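Participant: Have a look at this one.
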Amino acid sequence: MALRSLPTQLPTRGNLHQPHPHHHMKGSLSWCHTLTPLPLLSPSANSLGKVCTQQMVVKCSAGGGTSGTVQAVNMSPGTPVRPTSILVVGATGTLGRQIVRRALDEGYDVRCLVRPRPAPADFLRDWGATVVNADLSKPETIPATLVGVHTVIDCATGRPEEPIKKVDWEGKVALIQCAKAMGIQKYVFYSIHNCDKHPEVPLMEIKYCTEQFLQDSGLPHVIIRLCGFMQTHIDNGSRPNLDDNEVGLIGQYAVPILEEKSVWGTDALTRIAYMDTQDIARLTFVALRNEKINGRTLTFSGPRAWTTQEVITLCERLAGQDANVTMVPVSVLRFTRQLTRFFEWTNDVADRLAFSEVLTSDTVFSVPMSETFDLLGVDAKDIITLEKYLQDYFTNILKKLKDLKAQSKQADFYI
């Protein structure tokens, strides 16, 4: 296969529309919105251009043509592809592993794109998925993973130690263009709620620009914006225990309270409607099977939005003990972000602190879900609440602690 013949080019500097004054901020991360032909195997080292705003229209000019969209090239014309064949990108992450598990449970033929790593993600194979090695930061590794695939579900994001644009922008552009060139029939992309309202935050700006790029590509797609996860998993390739989520909200609040350690919080009034990743995965496949959803942007939100203090108070009540709370003022985060901007080697830290700053502002990450539930034919009562999620955890863990205490007393009696 001659990869250089693929009409897939990465972004380069281009002409700019004047950004909206409300969105223009000094020092904000920016991306170009016009693409010029470049070989797939020679991605641009510097893809920064002007700011991507709500008025921006992403254009991809393939092969020097005049069309404003990526030109489709069917790499294997006449070859049937089963609708149940899916590729999950970012399969070892928080949401990705739940997508894989749900897909397998529903009878899909699941292929997982995983970066080559010292500790292979064997648990995915054990579940019944096929694992293929590729790296979004190396576009030449992508096309082979798409052969025979009907649907791409993109859960990937860069690692904390990586520059944000490497995977989340350049890698996604390459993946979308390869998907278009290979004739992928549906592309599911996960974004962030309100990403179009925060161009000053690099990660959210990238998510919004990627949404625009995907929409302009002509690929059949579904964009799903998310508000917040109840769980998080460290992507180290380790085998997960889906019934033991001692990370995310539990690791941040519940465990420290039980262990009488400090719980970190802020003085901000941000409200986040956390959602169980298993519910997100279930709703994703409901949307995937619904042709009315094609080309739409949905937002998935939990039943209620919570402040940090409300989550801590809930955990205190369920644990039956007070928390040792250490508050971090939002002003400290802002100062730290500005300080790290002075040094090139800390720019990525500043970018991530910018996202933290939004999460610790007075923003509400929540939307009404009644219309979405009606569209998907889902009962709101089937969505797990944060109270139920944490109550189940504390009920189980407190029972285990009680049993251990009883066993300890019994051992002392025999001694």
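The values are calculated or read from the model by the stated rules, or taken from the named source; none is laboratory data. Since the model is a prediction, treat every value here as computed from it, not as a measurement. As a convention, Cβ positions derive from the backbone with ideal geometry for all residues, glycine included, and neighbour counts pool all protein chains shown. Heads up: the accessible areas ignore ligands, DNA and RNA and are worked out on the full protein's heavy atoms, side chains in. Shrake-Rupley method; radii C 1.70, N 1.55, O 1.52, S 1.80 Å.
Participant: For ALA268, are the conditions met, namely being outside any strand (DSSP E or B) and open to solvent by less than 10 Å² (accessible area, probe 1.4 Å)? Even if it seems obvious, please write down each step before you answer.
Facilitator: Details: outside any strand (DSSP E or B): yes; open to solvent by less than 10 Å² (accessible area, probe 1.4 Å): no.
Taking the combined requirement at face value, the residue does not satisfy it.
Participant: Can you name the number of the only condition in (1) charged (D, E, K, R); (2) open to solvent by less than 10 Å² (accessible area, probe 1.4 Å); (3) at pLDDT below 90 that GLU211 fails?
Facilitator: Of everything listed in (1) charged (D, E, K, R); (2) open to solvent by less than 10 Å² (accessible area, probe 1.4 Å); (3) at pLDDT below 90, GLU211 misses just condition (3).
Participant: How many residues are at pLDDT below 55 and basic (Lys, Arg) when one looks only at segment 337-389? Lay out the reasoning, then the answer.
Facilitator: Quick first cut of segment 337-389, residues at pLDDT below 55 only: 337-357, 360.
Cutting the leftovers down to basic (Lys, Arg) gives us 337, 341, 352.
Number satisfying all stated conditions: 3.
Participant: Shifting gears a bit: Could you list all residues from segment 87-135 that are polar (S, T, N, Q) and farther than 22 Å from VAL147 by Cβ?
Facilitator: Here is the first cut: in segment 87-135, the residues polar (S, T, N, Q) are 92, 94, 98, 130, 133.
Once the filter is applied, which keeps residues that are polar (S, T, N, Q) and farther than 22 Å from VAL147 by Cβ, segment 87-135 yields THR94, GLN98.
Participant: Still on this structure, I have one more. Inside segment 367-382, can you point out the residues that are touching a residue at least 60 places away in the same chain (Cβ under 8 Å), assigned to a helix (DSSP H, G or I) and within 16 Å of THR297 (Cβ to Cβ)?
Facilitator: THR372, LEU375, LEU376
Participant: Looking at segment 177-208, which of its residues are more than 30 Å from VAL81 (Cα to Cα), open to solvent by 10 Å² or more (accessible area, probe 1.4 Å) and free of Cβ contacts under 8 Å to residues at least 60 places away in the same chain?
Facilitator: If the condition is that a residue be more than 30 Å from VAL81 (Cα to Cα), open to solvent by 10 Å² or more (accessible area, probe 1.4 Å) and free of Cβ contacts under 8 Å to residues at least 60 places away in the same chain, then ILE192, LYS197 are the ones that fit.
Participant: Sticking with this one: Could you list all residues from segment 271-297 that are over 14 Å from MET230 (Cα atoms) and open to solvent by less than 10 Å² (accessible area, probe 1.4 Å)?
Facilitator: Selection gives LEU283, THR284, PHE285, ALA287, ILE293.
Participant: Hey, another quick one. Report every pair of residues separated by at least 6 positions or lying on different chains whose Cβ atoms are under 8 Å apart, first residue within segment 96-107 and free of Cβ contacts under 8 Å to residues at least 40 places away in the same chain, second open to solvent by less than 10 Å² (accessible area, probe 1.4 Å) and assigned to a helix (DSSP H, G or I).
Facilitator: Close Cβ pairs (under 8 Å, with a partner that is open to solvent by less than 10 Å² (accessible area, probe 1.4 Å) and assigned to a helix (DSSP H, G or I)) amount to VAL100/LEU124.
Participant: If I ask for residues that are among the β-branched types (Val, Ile, Thr) and assigned to a loop (DSSP other than H, G, I, E, B), which ones from segment 167-192 would you list?
Facilitator: The initial filter retains those residues of segment 167-192 that are among the β-branched types (Val, Ile, Thr), namely 167, 173, 176, 184, 188, 192.
Scanning segment 167-192 gives a single hit, ILE184.
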